[in-house]
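Notes follow the structure.
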2 protein chains.
Amino acid sequence: MRIAVDALGGDNAPQEIVAGTLSAARRLPGANFVLVGEPGVIGPLLERAPRNVALQASGGAVRMDEEPATALRSRPDASVSVAARLLRSGEADALFSAGNTGATVAAALLHLGRIEGCRRPAIATVLPFSHPTLLLDVGATVACRAQDLLNFAILGSVFAKRYLETEGAPRVGLLNVGEEPGKGHDLAREAHRLIAESPQIAFVGNVEGRDLGSGKADVVVTDGFTGNAVLKTAEGVARECLRLVRDALYGSLVGRVAALAARPRLLAVRDQVDPENYGGSFLLGVRGPVVIGHGNSTARGVENALVGIVRAGGGLVYELEAVLSRRQTVREEGA
Amino acid sequence: MRIAVDALGGDNAPQEIVAGTLSAARRLPGANFVLVGEPGVIGPLLERAPRNVALQASGGAVRMDEEPATALRSRPDASVSVAARLLRSGEADALFSAGNTGATVAAALLHLGRIEGCRRPAIATVLPFSHPTLLLDVGATVACRAQDLLNFAILGSVFAKRYLETEGAPRVGLLNVGEEPGKGHDLAREAHRLIAESPQIAFVGNVEGRDLGSGKADVVVTDGFTGNAVLKTAEGVARECLRLVRDALYGSLVGRVAALAARPRLLAVRDQVDPENYGGSFLLGVRGPVVIGHGNSTARGVENALVGIVRAGGGLVYELEAVLSRRQTVREEGA
């Protein structure tokens, strides 16, 4: 497997991206990595690179504050575009970027295209609860139709089966404001009907925010606006809670001793809820495995994401495509 | 101040509702409480009630699984309706219910009506972070227009000034998928424009899920679908994190000793993030102070909510109304 890495994308690029890639390359000697970026910037960082790391020249990155479509049009040699073209030409089997998410999604749509039958892509991320839960979409498609949510349910179901290795068909829930089928706005009600009618999906009905990670569903489907808000809230609340616990323990001498004694276990909790350990988010619905890292990824986050890609394995997109093309669907209407 | 309490609403009604009301009545001897419910059910629970607690007879509750509008039409003596009528007639100054939220909202709209200029109401809740943050709407209006979000920004701003006692004008943020003004779906973009143009609002622009409680905004505005998902996610994640910490500590003898030593401080953390301590959620935009308790409220949650109502004080609705009626607004279009 050969992974194209956008070396220039992310708040901590290129240093942390390159460092994480080098670590992953050492950990996975059977995989190959292509760092895509300006040679003058990336080259000097590769002096001690292992042999399974290569450099592919490109122009600069799409910055976080740029409008993705405009940036990609005006700079066809942007690093994420060059990486996506490696994927399209078969020179790479997967793409990783921690840069401007909109630009990664746009580059994937532009250079790879959509899976047939899938009007819009979704970003799927694993919430690191005791019961890991795949949440999608967390931000690729902020304005969804009910048909999109049905597609997300199918994409998420196929992906979770492989990635979370669920026993049997992954149980899929629809994020809503209540459990009853009639709850929510038009989009949620219509999506509930479509997903319930689909024989391919092990649908458990509506789930609520508090059910995430409860084990009620392996996959939770929602629109990209709600999913993004939910994901970022979960990250923020987890961080805040652990900060409160730390302050509580460190606020007294007894507490400090206690915290010291329990340190390895408390660090394990911190690690469990740390987004850097999620392993990146998968862009589902495009014709190629595209993985999106947190904008503020450090080397550890990049390394974990790259290991996650290898774990997900090749061929996933073709599986997704096969499942989607076997069914009736509203194709590319208005797209 | 006289508060009408729906004694039959909630998973733990009537026992916990009545017990919480009695505790609040003892704690606040200057306030009066009217328990609304079936006399045969509530009467026996009031044997040791203090003198500032009265009973108002009604029919049964609107159950959690009932369709609110239908239930209210078919049973005009439902407990929440009787309580709302007490508020309309001036026999009560505020209403509390932990029952079916949709029914409480519907009863308030039916019996109290909306504040002029406010097409739809919002439920506002305080997220108990280190920097308390008022989030609205968390579920009254799942399908919003941009104008509704502008109204929520104004309602939330006036309410937070009084309830959170912010210094200066409360800073209002719009929940979105990114900080830049052009981010999000049509609703978010249009609401951003309207709120930014309003001279009454100290607008800090878009905020993200992870900014909740960071101090970036005192008030965060969103539609009722997203807000509900965010609130319930925050509650679920907080509970999960504390469970992980507890398991981490109790997993070893050293940890158990540590946990014991730090117990008072850890319990304080648990209490801080416990929804039972939020003090209920305020329904803003209707002509009367209506407070919604968690469906699974215990006596402690009810007590805290009732104390919160007294703290918010009377006259709030008239303040909100005065502010809204001073401005140009799209009035009741299509309502």
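The values are calculated or read from the model by the stated rules, or taken from the named source; none is laboratory data. Only a predicted model underlies this, so the values are computations on that prediction, with no experimental measurement involved. Note that we place each Cβ from the backbone using ideal geometry, even for glycine, and neighbour counts take in every protein chain shown. These area figures cover heavy atoms from the full protein model, side chains too; ligands, DNA and RNA do not enter into them. Shrake-Rupley method; radii C 1.70, N 1.55, O 1.52, S 1.80 Å.
Scaled to the compact-protein estimate 2.2 N^0.38 Å, what is the alpha-carbon radius of gyration of segment A:55-144, rounded to two decimal places?
It is 1.17.
Over segment A:225-277, the pair-distance histogram of Cα-Cα distances with 5 Å bins from zero comes to 4, 19, 23, 21, 14, 9, 6, 3, 1 percent, rounded to whole numbers. Here segment B:17-50 and segment B:128-159 have alpha carbon centers that stand 31 Å from each other. With its label point defined 7 Å out from Cα along the Cα-to-Cβ axis, B:Glu67 lies at 4.5 nm from the matching points of the other copies, in increasing order.
Charging the Cβ of each Asp and Glu at -1 and of each Lys and Arg at +1, and nothing else, the dipole of the protein assembly as shown about its Cα centre rounds to 1000 debye.
By the Stokes-Einstein formula, at 1.002 mPa s and 20 °C, segment A:198-304 with its Kirkwood radius over alpha-carbon pairs has D equal to 128 µm²/s. Using the Cβ-Cβ distance between A:Ala54 and A:Ala268 with R0 set to 30 Å, the FRET efficiency from 1/(1 + (r/R0)^6) comes to roughly 0.25. Only helical runs count toward this figure. For the protein assembly as shown, summing -39,500 (n - 2.57) over DSSP H runs of n ≥ 4 and dividing by all residues gives -13500 deg cm²/dmol at 222 nm. Across chain A, Cα pairs under 8 Å and at least six residues apart give a relative contact order of 23 percent. Along the Cα-to-Cβ line of A:Asn277, 7 Å from the Cα, sits a label point; which residues in segment B:243-257 have backbone N less than 19 Å from it? Correct set: B:243-252, B:255.
Could you pull out every one of the lysines with an alpha carbon less than 17 Å from that of A:Lys161, ignoring same-chain neighbours closer than 8 positions? Within the straight-line cut-off, A:Lys161 pairs with A:Lys216.
For segment B:124-276, the relative contact order is 31 percent, taking Cα pairs closer than 8 Å that sit 6 or more residues apart in sequence and dividing their mean separation by the residue count. Can you give me the orientation-averaged projected area of the convex hull built on the Cα atoms of segment B:1-84, in nm²? Value for segment B:1-84: 5.2 nm². A:Asp211 contributes about 30 Å² of solvent-accessible surface, heavy atoms of the protein only, 1.4 Å probe. Between identical copies, the spacing of B:Leu260 label points, each set 7 Å from Cα toward the C-beta atom, reads 1.9 nm from nearest to farthest.
Projecting label points 7 angstrom from Cα along Cα→Cβ for A:Leu164 and B:Glu91 puts them 5.1 nm apart. Taking amide hydrogens as placed 1.01 Å from N in the peptide plane, the amide H of A:Asn32 sits under 5 Å from those of A:Arg2, A:Ile3, each at least 5 positions away in sequence or on another chain. Average projection, convex hull of the Cα set of the protein assembly as shown: 31.4 square nanometres. Annotation: per residue accessible area for the protein assembly as shown equals 38 Å², rounded to a whole number [probe 1.4 Å, protein chains only]. Distance between the C-alpha centres of segment A:81-127 and segment B:201-263: 32 Å, rounded to the whole angstrom.
Scanning residues 5 or more positions from B:Gly10 or on other chains, those with amide H under 5 Å from its amide H are B:Gly99, B:Asn100, with H placed 1.01 Å from N in the peptide plane. Between B:Asp247 and A:Leu260, the FRET efficiency from the beta-carbon distance, with R0 = 22 Å, is close to 0.75.
What is the Cα radius of gyration of chain A over 2.2 N^0.38 Å, N being its residue count?
Details: Rg = 20.3 Å, N = 335, 2.2 N^0.38 = 20.0 Å.
So the Cα radius of gyration is 1.01 times the expected 2.2 N^0.38 Å.
Just to be sure I understand the curve: with the Debye formula and one point per C-alpha of segment B:124-276, what is log10 I(q)/I(0) at q = 0.15, 0.16, 0.21 Å⁻¹? One equal scatterer on each Cα of segment B:124-276 leads to -0.76, -0.83, -1.25. Under 5 Å from the amide H of A:Phe96 lie the amide H atoms of A:Ala4, A:Val5, A:Asp6, A:Val291, each residue being 5 or more positions distant or on a separate chain, with H modelled from the backbone and absent for Pro and chain starts. Label-to-label distance for B:Ser130 and A:Asp11 is 1.6 nm, based on points extended 7 Å past Cα in the beta-carbon direction.
Using a 1.4 angstrom probe on the protein heavy atoms only, line up A:Cys144, B:Cys241 by accessible area, largest first.
Ranked from most to least accessible, the order is A:Cys144, B:Cys241.
Considering only segment A:125-275, what is the antiparallel percent among its DSSP beta bridges, to the nearest 5? So the antiparallel bridges in segment A:125-275 amount to around 20 percent.
Would you please state the base-10 log of I(q)/I(0) at q = 0.18, 0.21, 0.28 1/Å for segment A:1-47, with intensities from the Debye formula using one equal scatterer on every alpha carbon? The Debye formula, applied to the Cα set alone, gives -0.49, -0.66, -1.08.
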